[in-house]
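Input: a single structure, listed below in structure tokens.
The values are calculated or read from the model by the stated rules, or taken from the named source; none is laboratory data. Being a predicted model, the structure only gives us computed values, none of them experimental. Glycine also receives a Cβ, built like all others from the backbone with ideal geometry; neighbour counts cover every protein chain displayed.
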Amino acid sequence: MRASLLALLLLSLPACRRETPAPPPPVPAAAPARTRVPAEPMSWLGADWLTREEREAEEQPEVMLDALGLKPGMRVADVGAGVGFHTVRLARRVAPGGHVWATDIQEEMVSRLRSNVEAAGLNNVTPVLTKPDETGLPDGQLDLVLMVDVFHELAEPERMLAKLRRALAPGGRVALVEFRAEDPNVPIKQEHKMSVAQVDAELEAAGFRRVQRFDGLPWQHLLVYSLASTDGGPSGRPLQ
């Protein structure tokens, strides 16, 4: 009798093992919002293109800066500043009392930027030689971070956006200017363009929300973002 009971018990063990529920599979990580391949950053050897004679007509930098509503006393960053095409304009707009941090990852670019700032007689610019995975910016001080034709070149935009969050003052904004991918007539290689939908997706995934869109430039979008938990700009008023 004992032998029969033992045999039945042994026969039932495989069935018990089969009925034991398997542990749930691990939850996959959320897919990144970025679906594009970053473009190759412009080399300093092509720096003359940044100051080409036609650039003002093609990009209308003063119109872009008007749309941003810059005011004296603001603290701003020109990230990926190159030779300072926008840096000089920014510095004039935020004077007196304001300051510009102008960053680039190439020493030759920063050297030319410094020369251009000195030639313009400006004393409210800090040129910063930084690394691709660093911002070189002070924490919690910036009213505005501007990236002109830079975001599409970032190798790790998610990581950079996380660091830019730390650089923003309360109510600070991130402004991106990118050539319009939606417009086939913009004479720029496709890998150097971005659509509004793509920029929105990547910034929203990083905890930002778009608060301004300006379509008054010939070839580029101007898109401005704040942290999703805030609405006001440096003045406490939403930007339009």
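Taken as a whole, the condition of being among the β-branched types (Val, Ile, Thr), modelled with pLDDT of 95 or more and either more than 16 Å from ALA102 (Cα to Cα) or in contact with a Pro (Cβ under 9 Å, 6 or more places away or on another chain) (or both) applies to VAL224. Only residues that are modelled with pLDDT of 80 or more and in a helix (DSSP H, G or I) were counted across segment 47-73, and they come to 13.
Here are some residues: ASN123, ASN185. Which one is among the polar types (S, T, N, Q) and modelled with pLDDT of 95 or more?
Working: ASN185 fails: modelled with pLDDT of 95 or more.
Selected residue: ASN123, the only one of ASN123, ASN185 that is among the polar types (S, T, N, Q) and modelled with pLDDT of 95 or more.
Evaluated against (1) surrounded by 21 or more Cβ atoms within 10 Å (Cβ to Cβ); (2) at pLDDT below 95, LYS131 falls short on exactly one condition, (1). Number of residues in segment 134-168 that are within 21 Å of MET194 (Cβ to Cβ) and part of a helix (DSSP H, G or I): the value is 12. Condition test on VAL83, is it assigned to a helix (DSSP H, G or I), of a type outside the set (Phe, Trp, Tyr) and farther than 18 Å from PRO170 by Cα? When the stated conditions are applied, VAL83 does not pass them.
For segment 171-204, a residue qualifies if it is charged (D, E, K, R) and either more than 12 Å from the chain's Cα centre (by Cα) or farther than 18 Å from LEU65 by Cα (or both), and the qualifying residues are ARG180, GLU182, ASP183, LYS189, GLU191, LYS193, ASP200, GLU202, GLU204. The C-beta contact set for segment 154-171 (first residue within 20 Å of ALA81 (Cβ to Cβ), second residue surrounded by 21 or more Cβ atoms within 10 Å (Cβ to Cβ) and of a type in the set (Phe, Trp, Tyr), distance under 6 angstrom, 6+ apart or interchain) is empty.
Screening segment 149-187 for residues that are within 12 Å of PHE208 (Cβ to Cβ) and of a type in the set (A, V, I, L, M) and picking the one that is surrounded by the most Cβ atoms within 10 Å (Cβ to Cβ) gives VAL174. When we screen GLY98, GLY121 for residues that are at positive phi, surrounded by fewer than 21 Cβ atoms within 10 Å (Cβ to Cβ) and either more than 20 Å from the chain's Cα centre (by Cα) or among the β-branched types (Val, Ile, Thr) (or both), the only hit is GLY121.
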